[in-house]
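*Asks:* Handing you a structure now.
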Amino acid sequence: MEVFSFKLRGAYNMMAKLSQEQLDRGVICSSAGNHAQGVALSARRLGCDAVIVMPVTTPEIKWRSVERLGATVVLKGDSYDEAQSYAKLRCEQESRTFIPPFDHPDIIAGQGTVGMEIVRQLQGPLHAIFVPVGGGGLIAGIAAYVKRVRPEVKIIGVEPSDANAMALSLSHGQRVMLEHVGGFADGVAVKVVGEETFRLCQELVDGIVLVSRDAICASIKDMFEENRNILEPAGALALAGAEAYCKYYGLKGETLVAISSGANMNFDRLRLVTELADVGRKREAVLATFLPEVQGSFKKFAELVGPMNITEFKYRYDSNGKEALVLYSVGIYTDLELRAMMERMESSKLKTVNLTSNDLAKDHLRYFIGGRSEVKDELVYRFIFPERPGTLMQFLDALSPRWNISLFHYRAQGETGANVLVGIQVPPEDLDEFRSRADNLGYEYMSEMNNEIYNLLLRNPKA
Ligand SMILES: Cc1ncc(COP(=O)(O)O)c(C=O)c1O
């Protein structure tokens, strides 16, 4: 039986130290991810009973893979926090041992065996080890071991730029709780790092590199191309960090280790990964060009694109507008050729916008055709819908038909929730009521009204 991540190490190390009496009473943990599988497999090997509490929103593939290892899965609560509260309560009631995902010396020491293996297998010079960081158990364990036996080796953590709890905590000198955590690299989507892991990182870690979702996707693709392995996003994080670090410092000829920490990839997510990988490697740019609705302008546009390879193209005639919007992507080999093409467009007075680094555009707006509209009192929000049946109905019950929905786009992306873009017409006098109804829903949401790309692509200035 395999669990396809390092998380077995910490869980097993802690559980193997339990007394027979503790094993007889069983263990419990809350996790929707790799820790759950680690605890389940360890329990099976040690012959003890394991209860794993997961949020009800956990995709079936995940809880089934835990059940297959023989653990009892309990689906409880809408969020990880609710699942954890229930697990702690049940832990007390049944006198089970709680197995935390990262913040315990035995968990940290177990994850640290990765460091021991690296040092044993690599005796020559080693510049740095890159480690993905969630709650900090893996990096704390590796740093504790490596800094003792090879203090000259740098230990560099890597986090997604929208799940940067450790980077923020280290720079503030205290643990910082994130309000919003990006869920794409779900293995490391942690709101707050551990107390003990933070203490060790403060003392031993040399730095943290932050990487974008696109860069993670590019590293997943690199790994596939080189070894035919498919890593999950958190598993490819360190590779992306090592690459960004080398580029930044112009490093050449040094030995680096990047830890590929997990391969529990949800197959459906590969679609998004392949879409973003070329953007992350800067081999593809996502662009928008405004074309005057006059005869021949389409042809002129094609001439200006010239030798660039168009990989995606969307255009729809807009009977109300004087200019149409073309959304497209082009394959690129150098920054220079992209810049030259943008200059050709500008000098022909075809306003062109580079959307490549705008997530709102890549996740949602590139899928809209129909152009800009004049919609009175439109508010635009990104909602994170919990992935469970009935969510849409619950959302509509709260807000509609009280207010008109003017835009809606959903595209499956992460696993911790569905990222949905919603436009809704709310007159100014209803704003307070709208906010209170939206808050009561309990879904995370954020305004996109100030995103210049929304204003540029979807909003008619007359509205
Ligand atoms: C694949 C993967 N990588 C990295 C991590 C981060 O480990 P830690 O929480 O110990 O920092 C996790 C945690 O679950 C993981 O599943």
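*Asks:* Out of all DSSP beta bridges with both ends in the chain, state the antiparallel percent to the nearest 5. Write down the numbers at each step before the final one.
*Replies:* On the way: 38 of 62 bridges.
DSSP beta bridges in the chain are roughly 60 percent antiparallel.
*Asks:* On alpha carbon coordinates alone, what is the Rg over Rh value for segment 104-183, Rh being the Kirkwood radius?
*Replies:* That ratio is 1.01, to two decimals.
*Asks:* So if I restrict to the alpha-carbon atoms in segment 378-457, what is the Rg, and what is Dmax, the biggest pairwise distance, in Å?
*Replies:* Cα radius of gyration and Dmax of segment 378-457 are 12.4, 36 Å respectively.
*Asks:* Once all Cα-Cα distances of segment 240-382 are split into 10 Å bins that start at 0, what whole-number percent is in each one?
*Replies:* So the P(r) values, bin by bin, are 9, 32, 30, 19, 9, 2.
*Asks:* Under a crude label model (7 Å from the Cα following the beta-carbon direction), how far is ASP377 from ASP24 in nanometres?
*Replies:* For the pair ASP377/ASP24, the computed spacing is 6.8 nm.
*Asks:* Now, a different point. Using only the alpha-carbon atoms of segment 282-357, report the extent along each of the three principal axes, biggest first, to the nearest angstrom.
*Replies:* 36, 21, 17
*Asks:* Per-residue counts of other Cβ atoms within 10 Å, averaged by peptide: what ranking do you get for 335-347, 417-429, highest first? Walk me through the numbers on the way to the answer.
*Replies:* Working: 335-347: 14.1, 417-429: 17.4.
Top of the packing list down: 417-429, 335-347.
*Asks:* Let me ask you something else. Positive end of the dipole of the chain, charges at C-beta (+1 Lys, Arg; -1 Asp, Glu), about the Cα centre: which of VAL205, GLY390, PHE4 has its Cα farthest in that direction?
*Replies:* Selected residue: PHE4.
*Asks:* Right, next: Tell me the accessible surface of PHE267 in square angstrom (1.4 angstrom probe, heavy atoms of protein chains only), to the nearest ten.
*Replies:* For PHE267, solvent-accessible area is about 150 Å².
*Asks:* Shifting gears a bit: Report in % the part of the accessible area of the chain that belongs to carbon and sulfur, leaving out ligands and nucleic acids; probe 1.4 Å. Write down the numbers at each step before the final one.
*Replies:* Numbers: 11080 of 22150 Å².
Result for the chain: 50 percent of the exposed heavy-atom area is carbon or sulfur.
*Asks:* Something else: Can you tell me the order of 195-207, 443-455, 211-223 when each peptide is scored by its average per-residue count of other Cβ atoms within 10 angstrom, highest first?
*Replies:* Ranking, from highest mean packing down: 211-223, 195-207, 443-455.
*Asks:* Of GLU275, GLU60, which has the most accessible area and how do the rest follow, probe 1.4 Å? Mind dumping the intermediate values first?
*Replies:* Details: GLU275 55, GLU60 100 Å².
The most accessible residue leads, giving GLU60, GLU275.
*Asks:* On alpha carbon coordinates alone, what is the Rg over Rh value for the chain, Rh being the Kirkwood radius? Walk me through the numbers on the way to the answer.
*Replies:* Working: Rg = 24.7 Å, Rh = 24.3 Å.
Radius of gyration over Kirkwood radius for the chain works out to 1.02.
*Asks:* Roughly how many Å² is the accessible area per residue of the chain, as a whole number, for a 1.4 Å probe?
*Replies:* Working: 22150 Å² over 463 residues.
Value for the chain: 48 Å² per residue.
*Asks:* Evaluate Rg over Rh across segment 8-101, taking Cα atoms for both radii and Kirkwood's formula for Rh.
*Replies:* Details: Rg = 11.9 Å, Rh = 12.7 Å.
Across segment 8-101, the Cα-based Rg/Rh ratio is 0.94.
*Asks:* Which value at 222 nm does the chain reach when only helices count, each DSSP H run of 4 or more adding -39,500 (n - 2.57), with the total divided by all residues and rounded to the nearest 500 deg cm²/dmol? Could you put the intermediate results ahead of the total?
*Replies:* Numbers: 19 runs with 194 residues, N = 463.
Calculated from helices alone, the mean residue ellipticity at 222 nm is -12500 deg cm²/dmol.
*Asks:* Taking the Cα centre of the chain as origin, work out the dipole magnitude from +1 charges on Lys and Arg Cβ and -1 charges on Asp and Glu Cβ, in debye rounded to 20. It would help to have the intermediate numbers written out before the result.
*Replies:* Values: 52 positive and 59 negative charges, 174 e Å.
Approximately 840 debye in magnitude.
*Asks:* Mind ordering 16-22, 76-82, 105-111, 230-236 by average Cβ neighbours within 10 Å, highest first?
*Replies:* Details: 16-22: 12.0, 76-82: 16.9, 105-111: 23.7, 230-236: 26.7.
Highest mean packing first, the order is 230-236, 105-111, 76-82, 16-22.
*Asks:* Assign one of three labels to segment 107-278, namely rounded, prolate or oblate, based on the Cα gyration tensor with a ≥ b ≥ c the square roots of its eigenvalues; rounded applies when a/c is under 1.5, prolate when it is not and a/b is larger than b/c, and oblate otherwise. Walk me through the numbers on the way to the answer.
*Replies:* Numbers: a/c = 1.63, a/b = 1.15, b/c = 1.42.
Taking the square roots of the gyration eigenvalues as a ≥ b ≥ c, segment 107-278 is oblate.
*Asks:* For LYS154, give me every one of the lysines with a C-alpha distance below 18 angstrom, ignoring sequence neighbours fewer than eight places off in its own chain.
*Replies:* LYS247, LYS252
*Asks:* Now, a different point. Let me check I've understood the local charge: for PRO292, count other residues with C-beta under 11 angstrom from its C-beta, Lys and Arg +1, Asp and Glu -1. What total comes out?
*Replies:* Working: positive: LYS300, LYS322, LYS349, LYS351; negative: GLU293, GLU323.
Around PRO292, the charge tally is +2.
*Asks:* Considering amide H positions built from the backbone, and no H for Pro or chain starts, which residues 5 or more places from GLY262, or on another chain, come under 5 Å of its amide H?
*Replies:* Residues meeting the amide H criterion: GLU232, GLY235.
The values are calculated or read from the model by the stated rules, or taken from the named source; none is laboratory data. Only a predicted model underlies this, so the values are computations on that prediction, with no experimental measurement involved. When we count neighbours, we look across all protein chains shown, and the Cβ atoms used for this are built from the backbone with ideal geometry, even at glycine. For accessibility, only protein heavy atoms count, side chains too; no ligands or nucleic acids. Shrake-Rupley method; radii C 1.70, N 1.55, O 1.52, S 1.80 Å.
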